[in-house]
1. Can you give the net charge of the other residues whose Cβ lies under 12 Å from the Cβ of Asn104, counting K and R as +1 and D and E as -1?
2. In the stretch 72-158, what chymotrypsin sites (Phe, Trp or Tyr not before Pro) fall in a loop by DSSP, with at most 15 other Cβ atoms inside 10 Å?
3. For Asn218 and Thr245, compute 0.36 nm times the residue count separating them, minus their Cα-Cα distance, and round to one decimal in nm.
4. For the stretch 86-184, state which GluC sites (Glu not before Pro) are in a DSSP loop and have at most 16 other beta carbons lying within 10 Å of their beta carbon.
5. Listed here are the pairs Lys51/Lys93; Lys87/Lys250; Lys93/Lys266; Lys174/Lys224; which of them are more than 18 Å apart at the Cα?
6. Please work out how much length the chain gains when fully extended from Lys70 to Lys157, using 0.36 nm per residue of separation minus the C-alpha to C-alpha distance, in nm with one decimal.
7. What is the Cα coordinate range of the stretch 149-289 on the first, second and third principal axes, sorted by size from largest, in whole angstrom?
8. Mind checking which aspartates and glutamates have their Cα closer than 19 Å to the Cα of Lys148? Skip sequence neighbours fewer than 8 apart in that chain.
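Bear in mind these aren't lab numbers, they're just calculated from the coordinates by the rules spelled out. Keep in mind that what you see is a predicted model, and the values were worked out from it rather than measured. Because the Cβ atoms are built from the backbone with ideal geometry, glycine has one as well, and the counts that use them run over all protein chains shown.
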Amino acid sequence: MTTITTRRFLQVAALSAASLLLAACGKKAETPAPAPVASAAASAPAPAPAKVYVVGTDAAYAPFESQNEKGEIVGFDIEVVQAVAAKAGIEVKFVNTPWEGIFNALGQGDRDMVASAVTITAERKGTMDFSDPYFDAQQLIAVGEKSKVAKFGDLKKLKVGVQTGTTGDEAVTKLLGKTSTNIKRFESTPLALKELESGGVDAVVADNGVIIHYVANNPGGKFKTVSDKEFVPEQYGIALKKGNTELQGKINKGLADIRADGTYDKIYTKYFGAPPAKAADAPASAASK
Ligand code: ARG
């Protein structure tokens with residue numbers, strides 16, 4: 001009797017141990033697969049609300065980004081990103097973001113992208129990633145109609161306005177020196193240009209597209225522009241948080257798609273009056289940068 005009981009006990013014990021083991025195994029097999037999002041999406045057809053990518057832009061930079069009378073953010077960059085997003089199948093929302101702090105917002109994850117006529121520079125590449133280039137630019141000088149300035153070097157002893165932390169600021173800082181009190185830094189490029197109009201500065205150095213647009217739309221300002229081959233060619237890219245290769249891939253694919261199907265040229269022509277010069281914006285030349 002005792003033996004039977006013992007045997008039975010052992011059988012039962014072995015069985016329950018085995019089932020425990022099985023249960024444990026089953027659990028183990030399930031827990032480490034933390035793809036609940038993917039599996040839920042696969043089994044339940046109800047789509048999770050799509051992520052809306054937040055795009056930071058300093059919307060005081062016409063024709064690339066500005067606010068219209070209704071307060072909507074509009075411009076070349078906006079339309080490019082919208083077209084790219086449509087191709088990439090992602091949703092985007094633009095948030096007006098002051099230039100100073102725009103890259104911090106990106107780094108902290110408050111913005112998923114920065115589309116703000118951002119020049120791709122080696123220094124910035126240290127702290128953020130970029131899409132492929134989507135626009136060619138160069139610094140341009142704005143001066144009063146009667147100014148004698150004929151080249152960048154002529155600004156050396158003059159008061160020069162720039163937007164803080166831009167590539168224009170960098171170029172002028174290089175020419176005038178880090179400690180120069182003749183560099184007047186402004187929170188936005190239009191503010192620097194207003195200061196030129198009122199005589200507070202002798203010149204403004206900023207991206208060509210913005211200066212040309214401003215001068216054309218402010219005939220009362222009595223400006224002229226001076227170009228100089230000394231300014232290095234620049235290219236705009238969409239800035240992304242460092243390491244965000246997934247989004248980078250989507251954007252680059254979208255950019256390639258809108259170039260291929262003519263959407264890019266259409267947007268370009270809308271804003272700049274003619275399609276881009278072929279060699280200047282060819283993705284091949286851009287990719288080698
Ligand atoms: N391209 C220049 C830079 O990257 C100026 C860009 C300023 N953009 C703007 N939306 N304020 O430094």
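1. Within the 12 Å Cβ shell, the charges total 0.
2. Working: sites: Phe76, Phe94, Trp99, Phe103, Phe130, Tyr134, Phe135, Phe152; in loops: Trp99, Tyr134.
Those that pass, being in a loop and sparsely packed, number zero.
3. Once the chain is fully extended between Asn218 and Thr245, it gains 5.6 nm.
4. Hits after loop and neighbour filter: Glu100, Glu145.
5. Among Lys51/Lys93; Lys87/Lys250; Lys93/Lys266; Lys174/Lys224, the Cα-Cα distance tops 18 Å for Lys93/Lys266; Lys174/Lys224.
6. That works out to 27.1 nm of additional length.
7. Here the spans come out as 46, 35, 26 Å, largest first.
8. Partners found: Glu195, Glu197, Asp202, Asp228, Glu230.
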